[in-house]
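The values are calculated or read from the model by the stated rules, or taken from the named source; none is laboratory data. All values reported here derive from a predicted model rather than from experimental measurement. Every residue, glycine as well, gets a Cβ built from its backbone with ideal geometry; the counts of neighbours run over all protein chains shown.
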There are 2 protein chains.
Amino acid sequence: MNALRQQTVAIVGLGLMGGSMALALKGKVGRLIGVDPNPTVLTYAQEQGIIDTGTDDLQAGVKNAQTVILAAPVQIILEMLENRIGSYLRSNTLLLDLGSTKAEICTAMGNLPIGILAMGGHPMCGKEVSGIRAADPDLYVGRPFVLCPPRRATPAARLRALALVEAVRARPIEMDASRHDRLVAGISHLPYLLSVAMVRTIAGEAETDSTVWDLAAGGFRDTSRLAASDIRMMTDILSTNTTAVARLLALFRVQLATLEAALVAQDNEQLQAMLGDAHDVRKNWEENYQH
Amino acid sequence: MNALRQQTVAIVGLGLMGGSMALALKGKVGRLIGVDPNPTVLTYAQEQGIIDTGTDDLQAGVKNAQTVILAAPVQIILEMLENRIGSYLRSNTLLLDLGSTKAEICTAMGNLPIGILAMGGHPMCGKEVSGIRAADPDLYVGRPFVLCPPRRATPAARLRALALVEAVRARPIEMDASRHDRLVAGISHLPYLLSVAMVRTIAGEAETDSTVWDLAAGGFRDTSRLAASDIRMMTDILSTNTTAVARLLALFRVQLATLEAALVAQDNEQLQAMLGDAHDVRKNWEENYQH
């Protein structure tokens, strides 16, 4: 296989993730093809030099690529894997996706034709903004980039995926798809659902007293921010990680009930001890892990 | 009563709130006395010109003041109200507190000697930092400042409290204490408990797979931030607002269970509709209310 800098790389989906991938790979690959159904996005990406050429035709966009990156919502990636894309690709093509859940995608990748070098991927980046106009060449720098091998993953697929992760200056972390999905259920999907349920709870209160919105300050702002995430993307994520999310919700309910028990019993010593544990854990994360 | 600019104002508790109150009142009152048990804080406040004089003696600090502001954790305010402070104050002194819950404080204020002009207060400010070194003269500018009249509150107490709120350029919002406590249970105490329970849930996961901390990104950062709040302050707040918080937790559980039901039933249409409601509510808040 020729080195990355001689390859044609096709990026399918030019949102924040795909656009940033294109910018991060610019000058490090032979040729960048962007595939997106939205003509405005394609025009913008070409005018800004984010991609070399663009097309809305998936088959045309990927058929000559040596590396194909799927940067779309999870259900779209699943549809591409199940319907058409395997037959469009040349043998020995690296197919990497950036979907937010990995088990269903890696399972679908396991059914691709022999010769396609498939690898599941998930770069862990904060995404308070979206769309190609927010694309950032440094989005992946220093960030964990999870790689999940599908059934029949080859050493070549692994090495080429690692080279790609290195090219965008992310930190590769290899793990199986079910472990990935369990971990992100905790740090990403649970926080999102809590944020949504909290906003819906306060919206119910606001029906009888709308002053609640005027009083809301920094605490509400931070905990409700995730509720403003893209709902199509989040529906895809939750519906492809139901078991892990339901498990985390069960564990969360126990924690919340334990706090409530101390609260309603007015056992302030026990309550403060539990609040203190969480305080220390969060401070420790902030000091040792926050990027 | 002489105007604010001729008064001696005593601020009891020189943390972020009390220190910012001092800075905001500087030049607008006759004399600023700071009361704090911590000699380092008193020295700093005097050296920086945040107060005119400082003392760790509550009685000495408040006895000659025409306005006294209690800027301490809720339980400390309650202890001051129940034990001593009423007998230290001159008749016709305005006594305003800045405690985060109001029902218990306003009840205790109702038992002060006749002649003390008491008013419950709660400025709604974001507080990601704490301590006098974070004090900011503009902390209250444009922010809602809730005023809750205790039993026997007089028109004079109300007018003088309004003048003080105006002096720090906040927006006064008058309401009874129980309504205040119900509203902040939703926008402040519920988010905090969710943040704590979430961090404790993920800490449980980390016991078997500590990689979870490395993968945690922006979503976790925002929703867990409140868990790092001061636990003494939060224990005071929760333990003086138990009924309202327990009510909000019950409403929250219903919302979370409804989301989970749609999720486990794989009813993506219903799920997306519920996520969409929360999305729109949060976006609307951001555009119309966020300060």
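Figures for the structure shown
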quantity	calculated
So B:Ala60, is it among the aliphatic types (A, V, I, L, M) and surrounded by fewer than 21 Cβ atoms within 10 Å (Cβ to Cβ)	yes
Region A:232-259, residues that are of a type in the set (Ser, Thr, Tyr) and either at the interface with another protein chain (Cβ under 7 Å from one of its Cβ atoms) or more than 13 Å from the chain's Cα centre (by Cα) (or both)	A:Thr235, A:Ser239, A:Thr242, A:Thr243, A:Thr258
Positions within region B:237-291 being touching a residue at least 24 places away in the same chain (Cβ under 8 Å), of a type outside the set (A, V, I, L, M, F, W, C) and touching a Ser or Thr at 6+ places or on another chain (Cβ under 8 Å), in sequence order	B:Thr240, B:Asn241
Unique residue being of a type in the set (Phe, Trp, Tyr), facing another protein chain (nearest Cβ under 7 Å) and closer than 27 Å to A:Phe145 by Cβ when the list is B:Trp213, B:Trp285	B:Trp213
Among the residues listed as A:Arg143, A:Arg158, the single one being charged (D, E, K, R), in contact with a Cys (Cβ under 9 Å, 6 or more places away or on another chain) and surrounded by 14 or more Cβ atoms within 10 Å (Cβ to Cβ)	A:Arg143
Of all residues in region A:261-273 being more than 7 Å from every other protein chain (Cβ to nearest Cβ) and part of a helix (DSSP H, G or I), the one that is farthest from B:Asp267 (Cα to Cα)	A:Glu269
Checking B:Ser100 against (1) within 19 Å of B:Met17 (Cα to Cα); (2) without any contact (Cβ under 8 Å) to a residue 12 or more places away in the chain, the condition it does not meet	(2)
Test: B:Ala118 is in a loop (DSSP other than H, G, I, E, B), at pLDDT 95 or above and not β-branched (Val, Ile, Thr)	no
Helices (runs of 4 or more DSSP H) completely within region B:193-260 that count 1 or more residues being farther than 19 Å from A:Ala273 by Cα and at pLDDT 95 or above	B:211-215, B:218-224
Of all residues in region A:161-175 being touching a residue at least 40 places away in the same chain (Cβ under 8 Å) and not in a helix (DSSP H, G or I), the one that is surrounded by the most Cβ atoms within 10 Å (Cβ to Cβ)	A:Ala170
Residue among A:Ala156, A:Ala161, A:Ala167, A:Ala185 that alone is under 20 Å from A:Gly99 (Cβ atoms), more than 7 Å from every other protein chain (Cβ to nearest Cβ), of a type in the set (Gly, Ala, Ser) and touching a strand residue (DSSP E or B) at 6+ places or on another chain (Cβ under 8 Å)	A:Ala161
Test result for B:Pro73, within 20 Å of the chain's Cα centre (by Cα) and modelled with pLDDT under 95	yes
The lone exception for B:Gly204 - which of (1) within 12 Å of chain A (Cβ to nearest Cβ); (2) crowded, with 17+ Cβ neighbours inside 10 Å it fails	(2)
Out of B:Val141, B:Val184, sole residue that is farther than 30 Å from A:Pro172 by Cβ and part of a helix (DSSP H, G or I)	B:Val184
Complete set of residues in region A:213-240 that are touching a Phe, Trp or Tyr at 6+ places or on another chain (Cβ under 9 Å) and β-branched (Val, Ile, Thr)	A:Thr223, A:Ile237
Members of region A:59-84 that are without any contact (Cβ under 8 Å) to a residue 40 or more places away in the chain and more than 27 Å from A:Pro144 (Cα to Cα)	A:Gln59, A:Ala60, A:Lys63, A:Glu82, A:Asn83, A:Arg84
Region B:21-48 - residue that is of a type in the set (D, E, K, R) and in contact (Cβ under 8 Å) with a residue 12 or more places away in the chain and, of those, nearest to B:Lys63 (Cα to Cα)	B:Arg31
Within region A:50-113, helices (runs of 4 or more DSSP H) holding 3 or more residues that are within 18 Å of A:Ser239 (Cβ to Cβ) and in the same structural domain as A:Ala134 (by TED's automatic domain parsing)	A:74-83, A:103-109
